[in-house]
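The values are calculated or read from the model by the stated rules, or taken from the named source; none is laboratory data. None of these values were measured; they are calculated from a predicted model. Cβ: placed from backbone, ideal geometry, glycine included. Neighbour counts: every protein chain shown.
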């Protein structure tokens, strides 16, 4: 399978692997999430994407701008990639009905944000 040109495949160097292992032990992060954070740090990623609360806390504490699925949805609405209110709410409902755990408070805030963004 051919990857899009914007996809970069990177391997962890020893230093990044050591950091990831430390975060996995100290912060109790899943090794995959720890490795993803370790990869994001040196390239100064625009966004680090994760729906894991602990990975979000760690990545934000390290200075990474971190967003989850709802953040990506709200960005897509704000940027005009999702233009219809019903479509945006359907996408939000799809996230709510997925395997993600999302608090009622976050769902209500996201729904309100969608309405505000699409009322302009």
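Of note, residue 12 does not satisfy the criterion of being crowded, with 17+ Cβ neighbours inside 10 Å and farther than 21 Å from residue 104 by Cα.
Could you name every one of the helices (runs of 4 or more DSSP H) located completely within the range 1-77 that has at least 1 residues being at pLDDT 90 or above and within 22 Å of residue 99 (Cα to Cα)? Counting at least 1 such residues, we get 31-43, 53-61. Scanning the range 78-88 for residues that are assigned to a helix (DSSP H, G or I) and surrounded by fewer than 18 Cβ atoms within 10 Å (Cβ to Cβ) yields a count of 4. Of the numbered criteria (1) touching a residue at least 12 places away in the same chain (Cβ under 8 Å); (2) surrounded by fewer than 18 Cβ atoms within 10 Å (Cβ to Cβ); (3) in a helix (DSSP H, G or I), the one residue 92 fails is (2). Scanning the range 50-100 for residues that are in the same structural domain as residue 40 (by TED's automatic domain parsing) and closer than 15 Å to residue 119 by Cα gives no hits.
Residue pairs whose Cβ atoms lie under 7 Å apart, separated by 6 or more positions or on different chains, with the first residue in the range 69-86 and within 19 Å of residue 48 (Cβ to Cβ) and the second surrounded by fewer than 10 Cβ atoms within 10 Å (Cβ to Cβ), do not occur.
Just need a number here: residues in the range 95-118 that are in a helix (DSSP H, G or I) and closer than 21 Å to residue 50 by Cα.
Initial filter on the range 95-118 (in a helix (DSSP H, G or I)): 95-96, 104-118.
So of that shortlist, the ones also closer than 21 Å to residue 50 by Cα come out as 95-96, 104-111, 113-114.
Number satisfying all stated conditions: 12.
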